[in-house]
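The values are calculated or read from the model by the stated rules, or taken from the named source; none is laboratory data. Remember, it's a predicted structure, so these values are computed and weren't measured experimentally. We place every Cβ from the backbone using ideal geometry, glycine too, and count neighbours over all the protein chains shown.
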There are 2 protein chains.
Amino acid sequence: MLDALYKPKSVAIIGASTKEFSIGNRIIKNLLDFGFKGLIYPINPKADEVRGIRAYNSILDVPNEVDLAHVVIPNKFVPQAVEDCGKKGVKVAIINSAGFKEIGGEGILLEEQVVEKAREHSVRVFGPNCQGIINTSPDIRAYCNFTFTKPEEGCISIVAQSGGVGEVVNQRFSELGVGIRMYASNGNACDISIPEIIRYWGDDEETRVIVVHVENLSDPKEFMEAAKEVAVKKPILGMKTGRTKEGAKAVSSHTGGLAKVDIATELIFQKSGIVTFRDQEELCQAAVAFANQPVPKGKRVGVITNTGGPAIIAADELVEAGLEIPPLSSHAKKILKEKLYSAASINNPIDVLATGGAEHFRAALDVLMDEPQIDSIFINFVTPFFVDTDAISHEIVEVNKAQKKPIICNLMTDKRQWTKTIGMLKNGGIPCYSLPETAARALIAMTRYNDLKARKIGKAAIFNDVDREKARNIIQQAKKEAREFLSVEKVNNLLASYKIPVAKWRLVNNGVESLKAARMIGFPVVVKVDAESIVHKSDAGGIALNLKEKEVESTVKDMEKKFAPEKPRFFVQEFLSGGKELFMGAKAEEGLGHLILFGIGGIYVEILKDVAFGITPITASEAKEMLSSIKSYPLLAGFRGEKGVDQNILVEILQRVSQLVTDLPTIQEIDLNPIIAYEDRIVVVDARIRI
Amino acid sequence: MLDALYKPKSVAIIGASTKEFSIGNRIIKNLLDFGFKGLIYPINPKADEVRGIRAYNSILDVPNEVDLAHVVIPNKFVPQAVEDCGKKGVKVAIINSAGFKEIGGEGILLEEQVVEKAREHSVRVFGPNCQGIINTSPDIRAYCNFTFTKPEEGCISIVAQSGGVGEVVNQRFSELGVGIRMYASNGNACDISIPEIIRYWGDDEETRVIVVHVENLSDPKEFMEAAKEVAVKKPILGMKTGRTKEGAKAVSSHTGGLAKVDIATELIFQKSGIVTFRDQEELCQAAVAFANQPVPKGKRVGVITNTGGPAIIAADELVEAGLEIPPLSSHAKKILKEKLYSAASINNPIDVLATGGAEHFRAALDVLMDEPQIDSIFINFVTPFFVDTDAISHEIVEVNKAQKKPIICNLMTDKRQWTKTIGMLKNGGIPCYSLPETAARALIAMTRYNDLKARKIGKAAIFNDVDREKARNIIQQAKKEAREFLSVEKVNNLLASYKIPVAKWRLVNNGVESLKAARMIGFPVVVKVDAESIVHKSDAGGIALNLKEKEVESTVKDMEKKFAPEKPRFFVQEFLSGGKELFMGAKAEEGLGHLILFGIGGIYVEILKDVAFGITPITASEAKEMLSSIKSYPLLAGFRGEKGVDQNILVEILQRVSQLVTDLPTIQEIDLNPIIAYEDRIVVVDARIRI
């Protein structure tokens, strides 16, 4: 419960200052300017008052209870201040001071001390190195923050990891004339975290929309769980920044350059149902729609327009995003034919013409509200001087009162002249935009949220036919041997223990045994030399492909001679030809689990970067989605008469890999490459496992 | 010369009306409200005055010269009005009236009459079915238009095919507080065209930036030439709308669904050097930067910031668009180390810190202006309450006076409080944006314009070793035969006449001849039955591949029997194996020339839609760009030890195909598919030509 943070009855400022351009002064000014409903206690041993409010020597001297304290003093004094807060019974301390984890070294130690003191004295900490919070609620009016943009009251709550980004978003809403509910920028986040704040807003009835900005997630799993829990209740609009810098850190597997750090964040957003944006403007504009309108129940848009060109732009935008502008029922057309001008277009988009008045807009709105195959309404409204645009606004607002289907309006007007028309729409809760693209994208975002809410991810299957015990032993033994990569024998046994199909194989000591093994496997076979010291087998001449019965023994005997000093064994394996080369992988992601990768080998992965990603544990529907999301999917399904591959088995293998790394989290990386896939059989031919 | 249109000394309104909510009244109101500097002559046989201005019975009764006349009367009276204009010596008529080409049938005839009368009487026509023009020049102030948004004076000129889009763009500039220079929305464009207007603005010194919107081009070649001519002088920012509707019309070749109608427009924009946008907001925001700042000479950006998060967003955006944020010279770093706070970052981005004041910003600006490896400056400027932000603005404006390198500013502030800081920047010609993405994209657009200006397309090569005469004869003969598709013999001869390499071939009559032919070609060979009546050769069993010497005669003899009723001939062709399957194509595009297509066959074209397009005549550098622009280009260059193909020959063939269709424009479609490409040889194996 963060009530003490967001609904404080009293706020102390430890480090309150008489200097106008200091943070310890500004916070008090902000509280006063914003009309804080609680009590303010400046703490300053050298001043009697700050901004006309009586100051105290110490937080301990304050005569009444203190819910929340700002700490704005040099870093080294902060642990003591937190201790004092505890003694005083302060519930939350916002530590604005910097000089902690972000400076490294000594700062890290200092932050640890703060956390320790806070725990010891039951004080929750917000920050350090942070801006603070805002609550616009009329009975609170808490501007516990040193920035400067004063938001209107509204229903959008914003949490930003970067204070700069939070402030910019806050400013943009302010420019758009849109209010916010609560705000948080918690800097180093040593205690109160973004997930905790999201959960708090999930339960805050006045918060209709949550905006989240992150640069990196310190506790991705916790974030994902909190977001998932809240996103089913209300929309979370998210943005992750730092794509090019942090994103440059590549994974070490053969898919180098693919599994970037921020892919995990994107997947987390997706898996938890966050509506993701790559653009703050688009996010802010979408938030305005979410704040005012119900969420559409589907992707079918009814368009009403009184002008041509901008409607084309809106249609381009909607259709390209996968929304539909379906034809209307004959019943609907009949009504429109009666009620609109004869030259009007009674299809969807409905063109009421520039001369269309309030009764025409109303007729079109009523028809679309009644059409079962329409989920949302897009109005493209230019304000010609020869129609009564106020009357049109009135009808739009009237129809909107039922909140039956969302209405989005692209209002094309001169804002200096049509102030009444605009005011009526705005006060009536109609989100108005200046450009068709902007309006369309807001509706697209709302439709995307509905899709996210409606999707059924399901639960991850648990295969009980796996041999966990055996797998665990293999890993433990490998650890004892201090090997980074498992031996080929262990890899094959480990995969087999999770019923991940591998090509038939035997490990033998010499030419004679190899022939026996090959006879059991069936011809042709592959032979690979196996010794820890021989890393590049192929370059060393330690691999022979497509061997027939008469070639096996002599080939291995030659290798025995060649590699005698290495005392090798020989890996005899079924030789597979034809089929498609696929690959799968898993890679540990700190604090989260594993990323699962899938794709088609060769040019598709290396040049076209056509790879699908998932987060463990993946469900059957997620695995299917991974397959169908790659661009070269038609190759899996069968293309130009060529046969496809067994997708059900692939889906199962993806889930088994997911279960394997979930059960054995010490596995750092699995690389199944290639997997040879046929119409009725899928076989791992080569695999590497790093622990 | 469109001076009479844009700089009229007098304007008549034929159809001036006393009714307030009519267009014939509104235009007069607009002229008056906008402060038109010339004379206004309402023409209305039933009124003595309109809006207090003396009205005349007929344009012929006006006592003085009339430069420009609005025509706002029912369509059927318009031809006569144009004739009257001619008699009066009116130079240009803006026909606002609708009911012409856009309604089809009778309207088309009426528009033709208008054009005829106009030619006969030397009147230029703007429209019909149009809005009109605006000129904000202080000595003109012509608002010859019935819309309502009154722009400020500026240096951006806008021409829009859709009046709705034009008005929306006009409104957006107005909201952004940015002025425009001239405006045009010419509706049906029966005479004065968008290319003519673009050329006029190319010569208008006060126009710094041209904004163009098109839905479809009636004269694409003329448009391309005009745009090319002007775009080297000043930036043209273009937007094409109607992507999903018109774009759905696909070409008929095997690449069905690829060569959409709007690909031509995109290519025209690209070839003529127009900076293309898919978003009006982005276009308008970029126009603001172009209007105020010099164009960067390269893609290397110097970033100055006083906050973290938004700078990351800007960097993401810039780097993803291909711009660079290069390190600074040691000289530069030395200066910055001296002049900035010790905690400041002296790398690029330069972080002057939130506490950084005017002298720090100035130091960073001076350093970046002097750094030779920096082409443009991006300022990320938040306005903390504890620094003198006006002083910072002052320094930015001072440095900007030299107009040495473009400066773009992401100004993060509360617009209600920091009015002075903002005003100083705006008046000083610094484009300010509210979000880092918006600012970054404006800079990206400017950099793109520089790239477009700097590129060297070259001239299309003319190969003199081609046999034009022979090619012309082949086409003429095929026309006489009234064939839609050329016979295989003609196709091969035609390609050979332009030295486009085809696989060796002979056309023979029977088995005996086929063996002889095959011996001259070399084995193995392909044999195809050749008769106009056999369309699906493969299905009919009329194709035999990979024939060795002993198989040829008997195979053809079997075919002779099988197809005896069709009296066929036999096409014997060199059989090629290995190599890469490529395809090229050409498709006539009305009023433009031909589109040229290129790609790699199979999945790359059919699933990944990985195709490059060009417009004839293509130059060597354009052909090279086509090759390297496909995603699967590494396959051409050589991938994973596999050999690549001879790109020089490919570039030459693309140019020869371009020359062929340019010389013989009756060719509707060429489809070279497959082309087999080796490291040292490229051969067309199958081709279709439609005339």
Checking the condition under 21 Å from B:I140 (Cα atoms) and not aliphatic (A, V, I, L, M), which residue from B:G35, B:G15 passes? B:G35
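Residues A:G614, A:G591: which one is on the phi > 0 side of the Ramachandran plot and not assigned by TED's automatic domain parsing to the domain that holds A:K271? Reasoning before the result, please.
On the way: A:G614 fails: on the phi > 0 side of the Ramachandran plot.
Exactly one residue qualifies, and that residue is A:G591.
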Hey, does segment A:136-155 have a residue that's in the same structural domain as A:T241 (by TED's automatic domain parsing), over 19 Å from A:K29 (Cα atoms), surrounded by fewer than 24 Cβ atoms within 10 Å (Cβ to Cβ) and under 24 Å from the mean Cα position of the chain (by Cα)? yes
Please find, within segment B:379-398, the residue that is farthest from the other protein chains (Cβ to nearest Cβ) out of those that are of a type in the set (A, V, I, L, M) and surrounded by fewer than 20 Cβ atoms within 10 Å (Cβ to Cβ). B:V397
Would you call B:K91 basic (K, R) and within 14 Å of chain A (Cβ to nearest Cβ)? no
Do we have A:L486 as buried (at least 22 other Cβ atoms within 10 Å of the Cβ) and more than 30 Å from A:V382 (Cα to Cα) here? yes
Enumeration of residues in segment A:587-615 that are part of a loop (DSSP other than H, G, I, E, B) and under 25 Å from B:G641 (Cβ atoms): A:G601, A:G602, A:I607, A:L608, A:K609, A:D610
Out of the residues in segment B:599-633 that are within 23 Å of B:K456 (Cα to Cα) and among the hydroxyl-bearing types (S, T, Y), state the one that is nearest to the chain's Cα centre (by Cα). B:T616
Inside segment A:544-580, can you point out the residues that are free of Cβ contacts under 8 Å to residues at least 24 places away in the same chain and either assigned by TED's automatic domain parsing to the domain that holds A:E222 or exposed (fewer than 13 other Cβ atoms within 10 Å of the Cβ) (or both)? A:K550, A:K561, A:A564, A:P565
Out of B:R199, B:R243, report the one residue that is modelled with pLDDT under 95 and of a type in the set (D, E, K, R). B:R243
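This table checks each residue for (1) part of a strand (DSSP E or B); (2) free of Cβ contacts under 8 Å to residues at least 40 places away in the same chain; (3) over 20 Å from B:A460 (Cβ atoms).
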position: B:L635; (1), (2), (3): no, no, yes
position: B:R640; (1), (2), (3): no, yes, yes
position: B:N648; (1), (2), (3): no, yes, no
position: B:V651; (1), (2), (3): no, yes, no
position: B:T662; (1), (2), (3): no, no, no
position: B:I667; (1), (2), (3): no, no, no
position: B:I675; (1), (2), (3): yes, no, yes
Could you tell me whether any residue of segment B:9-16 is more than 36 Å from the chain's Cα centre (by Cα), among the β-branched types (V, I, T) and over 20 Å from B:I192 (Cβ atoms)? no
Scope segment A:581-603; condition buried (at least 22 other Cβ atoms within 10 Å of the Cβ) and of a type outside the set (A, V, I, L, M, F, W, C); matching residues: A:G585, A:K587, A:H594, A:G599
Might you check whether a residue that is assigned to a strand (DSSP E or B), in contact with a Lys or Arg (Cβ under 7 Å, 6 or more places away or on another chain) and outside the structural domain of B:K271 (by TED's automatic domain parsing) occurs anywhere in segment B:418-438? yes
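Quick check, is A:D558 under 22 Å from the mean Cα position of the chain (by Cα) and farther than 30 Å from A:E225 by Cβ?
no
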Could you list, in sequence order, the residues of segment A:407-446 that are away from chain B (no Cβ under 13 Å) and touching a residue at least 40 places away in the same chain (Cβ under 8 Å)? A:I407, A:I408, A:K426, A:G429, A:I430, A:P431, A:L443, A:I444, A:A445, A:M446
Residue under question is B:I180, and the condition is that it be more than 29 Å from B:L425 (Cβ to Cβ), crowded, with 23+ Cβ neighbours inside 10 Å and of a type in the set (A, V, I, L, M, F, W, C); does it hold? no
Would you confirm whether any residue within segment A:8-16 is free of Cβ contacts under 8 Å to residues at least 60 places away in the same chain, of a type in the set (V, I, T) and assigned by TED's automatic domain parsing to the domain that holds A:I94? yes
Tell me, yes or no, whether segment A:156-173 has at least one residue that is hydrophobic (A, V, I, L, M, F, W, C), within 17 Å of A:A98 (Cβ to Cβ), more than 10 Å from chain B (Cβ to nearest Cβ) and outside any strand (DSSP E or B). no
Among A:A344, A:A364, A:A315, which is crowded, with 24+ Cβ neighbours inside 10 Å and under 24 Å from B:N129 (Cα atoms)? A:A315
Specify which of the listed residues (B:A287, B:A291, B:A315, B:A226) is at pLDDT 90 or above, assigned to a helix (DSSP H, G or I) and in contact with a Ser or Thr (Cβ under 7 Å, 6 or more places away or on another chain). B:A315
Members of segment A:1-40 found to be away from every other protein chain (no Cβ under 14 Å), crowded, with 19+ Cβ neighbours inside 10 Å and over 22 Å from A:D84 (Cα atoms), listed by number: A:L31, A:F36
Before we move on, is A:N30 under 34 Å from the mean Cα position of the chain (by Cα) and part of a helix (DSSP H, G or I)? yes
